[in-house]
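So the structure is just underneath, and the comments pick up after that.
None of the figures in this text is laboratory data; all of them are computed from the coordinates on show. Only a predicted model underlies this, so the values are computations on that prediction, with no experimental measurement involved. Because the Cβ atoms are built from the backbone with ideal geometry, glycine has one as well, and the counts that use them run over all protein chains shown.
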Amino acid sequence: MELLAALNITKEVIIMLNNNTITKLHELKLNSMAQAFKDQIKDNTFSSMTFEERFGLIIDIEWNKRKNSRLLRLIKSAEYTFNNACVEDIEYHQDRELDKTLIIRLSTCNYIQDNHNVVIFGATGSGKTYISNALGISANRNFYTVKYVRLPDLLNEIAIARGEGNYRKLIKKYAQTKLLIIDEWLFVCDKLKVNQNINRKMNRN
């Protein structure tokens, strides 16, 4: 009877200690570790593993959770048109004349480290935006900050910032971004050229 009572007390103490540990993990915002610890307590299959092995699994779960959360934040803050774009899903039809080897090489993000620019040319509706977003998400996967913006929106944002006296603050924000993707810039440049030509003709008359 005394042995049974001692075992019951020990079991209650272990449960109390485990609950305290779980509470402390939540207070430290290590929620994934807390859940992994709870799962190990409930699953007897983990009893055959060493402390180091079980602890390593718990750390891996928390690490993966934090990395995934950071990746999702980077993708959200980039404000892509296609949040699910990825290089693996790019279609290489013959009429698109895409260089698969080049795109795969760009997905490694070495051009970012080398401070090189990438310009994507193509007809309207050819998938330039999707490709640019896919390359942006590849950069996010390497935990680079990315910002996607249409040139008309960027020019409008700059004009507003100038009017409100926030121009330097805006430029600083964009300068802190590791990869800046500017879409529809050629379309806007063409419009500016047309307007310039019209103005020249009107001035001549």
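Below is a table of values for the structure above.
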{"item": "Exposed chymotrypsin sites (Phe, Trp or Tyr not before Pro) absent: longest stretch of the chain, with sites in DSSP loops and at most 12 other Cβ within 10 Å deemed exposed", "result": "1-91"}
{"item": "Hits among aspartates and glutamates - C-alpha to C-alpha of Lys178 under 13 Å, sequence gap 8 or more where chains match", "result": "Asp114"}
{"item": "FRET E, pair Arg141, Ile171, Förster distance 35 Å, beta-carbon r, rounded to 0.05", "result": "0.80"}
{"item": "Region 138-152-region 112-130 distance, computed between alpha-carbon centres (Å)", "result": "12"}
{"item": "Positive-end extreme of charge dipole, region 2-76 - chosen from Gln40, Thr10, Leu30 (charges on Cβ)", "result": "Leu30"}
{"item": "Partner aspartates and glutamates for Lys147 [C-alpha distance under 16 Å; skip if fewer than 8 residues away on the same chain]", "result": "Glu79, Glu157, Asp183, Glu184"}
{"item": "Rg over Rh, two decimals, region 67-112 (C-alpha only, Kirkwood Rh)", "result": "1.04"}
{"item": "Tilt relative to the chain, helix 151-164 - C-alpha long axis, 0 to 90 degrees, to 10", "result": "90"}
{"item": "Cα gyration tensor shape for region 57-134, rounded if a/c is under 1.5, else prolate or oblate", "result": "prolate"}
{"item": "Extension gain from Asn115 to Asp99, taking 0.36 nm per residue of separation minus the Cα-Cα distance", "result": "3.6 nm"}
{"item": "Local net charge near Phe55, Cβ-Cβ under 14 Å (Lys/Arg +1, Asp/Glu -1)", "result": "-4"}
{"item": "Expected-Rg normalisation [2.2 N^0.38 Å, Cα atoms] applied to the chain", "result": "1.65"}
{"item": "For region 97-108, Karplus couplings with θ = phi - 60° (6.51, -1.76, 1.60), whole Hz, Gly/Pro x", "result": "6, 8, 8, 4, 4, 5, 5, 5, 5, 5, 5, 6"}
{"item": "Note, ³J(HN,Hα) from phi for region 57-73, Karplus 6.51, -1.76, 1.60, rounded to Hz, x at Gly and Pro", "result": "5, 5, 4, 4, 5, 5, 4, 5, 4, 5, 5, 5, 5, 5, 4, 4, 5"}
{"item": "Under 5 Å, built H, 5+ apart or other chain: amide partners of Arg150", "result": "Asp183"}
{"item": "Three semi-axes of the equivalent ellipsoid, region 2-76, Cα gyration tensor, whole Å, largest first", "result": "32, 14, 8"}
{"item": "Unsatisfied cross-links (Cα-Cα over 23 Å) in the set Lys65/Lys169; Lys128/Lys172; Lys11/Lys38; Lys38/Lys76", "result": "Lys65/Lys169; Lys128/Lys172; Lys38/Lys76"}
